[in-house]
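Structure record follows, encoded as structure tokens.
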Amino acid sequence: MSHEDIILTVTFRGTSHTVSLPNDASLSALHSRLELLTSVPPSLQKLIYRGKKIQHQQDDSNPEPTIAQAGLRDGLKVQMLGSTVEELGQLNAADSAHQKKEQILRERALKPQVKLRSTGSSSISSHQYRFHRIEPLTHLPRPETATECLTTLSKDPAVLHVMQKHHFSVGLLTELAPHEHPGLLGLNVGSGATIKLRIRLDTYDGFRPYLEVRRVLCHELAHNVWGEHNNDFKELNSQLNREVAEFEAATGAGTHQLSDLRDAYQPSSDEEVEALIHVLGGTGLRGNDTTEDRRKKALEAATARLRNEEELERSCGTSGPQKQSG
């Protein structure tokens, strides 16, 4: 093999770096060069190109491939994800502080609660069943946008409606960084003491669609009552999403239009939108649809919804002993 140089353009958090290495250089050499440029240790680097992913491997039992053998070619553009040691230290410190706060909240929850005399006002329950605090990860890009997203979620009328209806209280609503627990979209710690949501894209250059994040939030709220993804949890999760859709449809000028439901809740398919409109008493069905057509669409919608819920369960890091609601 000729020892020609391979020139790569590696982009990390919006900054492009040009890296030139011989085509028979090892992947370790590439990781070391990137560490000098970005301060991200090799063990925390993830390289993405043409649908492929490369992560640093410390397995000495197998010979390490060269960059050419790994599929890297001259002129290729590569996206790199990862965190510096300093950032990880900040995250660990923040997690430690959160854990201390969550421990305090759990200890307070175990203490006998003083019953307040009812004055005929709903202000006490409205103040209690809500998100008591929001907190973005300020060391990540665009913290002001993260704050806006979390604030919108915490004040979403449909979400607050189901929280008050089911007596849900969340101590802290914060975000889950893309490099923190990769693969997870949400996490409920301490049965509502803290809810973490993945609001950012993996590339850190944007934010996930609001309705997708809100659907994950409803999933995590159901973990305030049930820890495991059992039938009781699935029933409550479906109920919360249905109540969110019904609340927004009912407040949409008294009509049940297709656009109302799309703004309120992100269904799994167009058929589920149509099925929801029918259930809510709308006129979304086509005039020539038969009863059998409606049954087929309802079945297709249910199947799509189940697939969506299974995907959410796989990307949810919450699990633990079941907790009955009071």
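Subtracting the Cα-Cα distance of Glu148 and Lys77 from 0.36 nm times their residue separation leaves 22.3 nm of extension gain.
Here the label points at His139 and Leu37, each 7 Å from Cα along the C-beta direction, are separated by 2.3 nm in the simple model.
To the nearest 10, the accessible area of Ile7 is 80 Å² with a 1.4 Å probe. If R0 is taken as 30 Å, the Cβ-Cβ distance between Asp95 and Gln239 corresponds to a FRET efficiency of 0.40.
Backbone phi angles across the range 98-103, fed through the Karplus curve with coefficients 6.51, -1.76 and 1.60 (θ = phi - 60°), yield HN-Hα couplings of 5, 5, 5, 5, 5, 5 Hz in residue order; Gly and Pro are listed as x. In the range 21-103, a dipole from Cβ-located charges (positive for Lys and Arg, negative for Asp and Glu) runs towards its positive end, and of Leu72, Pro41, Ser28 it is Leu72 whose Cα lies farthest in that direction. The modelled label-to-label distance for the pair Arg108/Arg13, using points 7 Å beyond Cα in the direction of Cβ, is 3.3 nm. Estimated at 0.36 nm per residue, the fully extended path between Glu228 and His167 surpasses their Cα-Cα distance by 20.0 nm. Among the GluC sites (Glu not before Pro) found in the range 1-99, those both in a DSSP coil and sparsely packed, with 14 or fewer other Cβ atoms within 10 Å of their Cβ, are Glu4.
The Lys155 and Leu201 beta-carbon pair, evaluated with R₀ = 25 Å, returns a calculated FRET efficiency of approximately 0.60.
The values are calculated or read from the model by the stated rules, or taken from the named source; none is laboratory data. Computed from a prediction, not measured in an experiment: that's the story for all the values here. Neighbour counts run over all protein chains shown; Cβ positions are idealised from the backbone, glycine included. The area values use the complete protein model at the heavy-atom level, side chains included, leaving out ligands, DNA and RNA. Shrake-Rupley method; radii C 1.70, N 1.55, O 1.52, S 1.80 Å.
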